[in-house]
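Report on the following structure.
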Amino acid sequence: MKNPFTLGLVSEDKFCNRRKEIKELKNYIKNSQNVVIYSPRRFGKTSLIKKVLKELKKENKNILPVYVDLFPVSSYRDLADLLSRAIISEVGKEINKSFIKKVKTLFKSVVPTFTIKPDGSFSISVSFSQNLETEIDTVLSDILQGFNSYINKNKLSAVLVLDEFQEITTLKESHKIEGIFRTNIQSHHNISYIFIGSRRRILLDMFTDKNRPFYKSSFLYELKKIPKEEFTVCIIKNFEKTKKECSPALAEKIYNLVEGYPYYVQKLSSVVWDLTNKRVSEKIISESINILINSEKADFENIWINLNNAEKAVLKTIAQHPNLQIYSKEFTKNSGLSIGGIQKAVKSLLTKDLIETKDKNYQITDPLMRLWLLKEFAG
Ligand SMILES: Nc1ncnc2c1ncn2[C@@H]1O[C@H](COP(=O)(O)OP(=O)(O)OP(=O)(O)O)[C@@H](O)[C@H]1O
Ligand SMILES: [Mg+2]
């Protein structure tokens, strides 16, 4: 039997619950509202939005869903390229007859080229009739306006998802790009823009800073963990489906050990599944959590070596003393840092999303990183 737990995008019967979120997001989209979806890494943002787009598309032929992953963006050209190609391929899907002709008139400054592959499918590449270095405004506005005109002309509505949107802040033209987006989206009444990101500070700063173009342009939507009652049911079912058994108490144990962090719930369940012959036991779970920590070790070490000493001291002290107030005397004593030193480290750890606020204090964002730190510094 194949391991039923997924570590990539989850879909179909692997997708656990999220009914409430699906309903809420569909409503925003149907009302052409703009939304920022944020959470730590690997909480299920991409899987969720892809499910929403799929369901919407099935329910309503007049909604055009466009999904763009901006993670690979390293230049303005990449942005224009990814965005225009995503729109063209979605619009192309909609039109059966003479779509090449129609797609060619979508934009003024983007020239698409299609290559038909031997299997009948096609790939799209684009070139630009404007000099991208000097004509940022023209090209990006043209892409956004061209899409909007197409939607309006054909009496459609659309949702444009920009995943890993915070990546545009790494481009040198980022302020200008934010401005162009803002100017355009506010006049697009039939398009819902969904901005997704896991670098929460960077993303939220874009939308909550009064001096930034996106200020008050979108609803802020925090994606939370999948509740315990729901996730444990999914875990138990996955074991059942593959002729193994996991009791509710042990499913809960799996969930609790990784504090319900979706990716780790799946990964820990996956390791447990591999080690289980017939029935999950406490012993298998303890063995599995160690295997899991070891498998993530290289990633944590990589993060660790890139931190300065103050950041390391703060992380270590939070891991070891989660209940200490961060600016208390004990914390300064344990970390060996001054209040000023702690403040500076906290600021940069928040930007890196390695810590997050909780009950007026701070905690380590990644529960497995905390377990790894405890193990490293034990004894
Ligand atoms: N609804 C769900 N049901 C079951 N598992 C889920 C669900 N959502 C997320 N997961 C688990 O979390 C993992 C990460 O999902 P996904 O890639 O969609 O998250 P993300 O928030 O987009 O991550 P990133 O921040 O890295 O882009 C999945 O591989 C899966 O293991
Ligand atoms: Mg994602």
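The values are calculated or read from the model by the stated rules, or taken from the named source; none is laboratory data. Model, not experiment: these values are computed from the prediction. Cβ coordinates were reconstructed from backbone atoms using ideal geometry, including for glycine residues, and neighbour counts include every protein chain displayed. These accessible areas exclude ligands, DNA and RNA; they are computed on the full protein's heavy atoms, side chains included. Shrake-Rupley method; radii C 1.70, N 1.55, O 1.52, S 1.80 Å.
Taking only protein heavy atoms into account and a 1.4 Å probe, give the accessible area per residue of the stretch 232-352 in Å².
51
Go through 207-218, 74-85, 166-177 and give me the packing order, highest mean Cβ count within 10 Å leading.
74-85, 166-177, 207-218
At 1.4 Å probe size, with every protein chain present, just tell me what the per residue accessible area of the stretch 18-222 comes to in Å².
48
List the trypsin sites (Lys or Arg not before Pro) in the stretch 234-263 that DSSP assigns to loop (not H, G, I, E or B) and whose Cβ has at most 14 other Cβ atoms within 10 Å. Which are they?
Of the trypsin sites (Lys or Arg not before Pro), the ones in loops of the stretch 234-263 whose Cβ has at most 14 other Cβ atoms within 10 Å are LYS243.
Where is the GNM fluctuation largest for the chain (alpha-carbon springs, 10 angstrom cutoff): VAL111, VAL35, VAL265?
Among VAL111, VAL35, VAL265, the largest GNM mean-square fluctuation belongs to VAL111.
Probe radius 1.4 Å, ligands and nucleic acids ignored: give me the carbon and sulfur share of the accessible area of the stretch 18-222 as a rounded percent.
Taking all protein chains in place, the stretch 18-222 shows 48 percent carbon and sulfur surface.
Just to confirm the filter: which chymotrypsin sites (Phe, Trp or Tyr not before Pro) across the stretch 337-379 are DSSP coil and have at most 11 other Cβ within 10 angstrom of their Cβ?
PHE377
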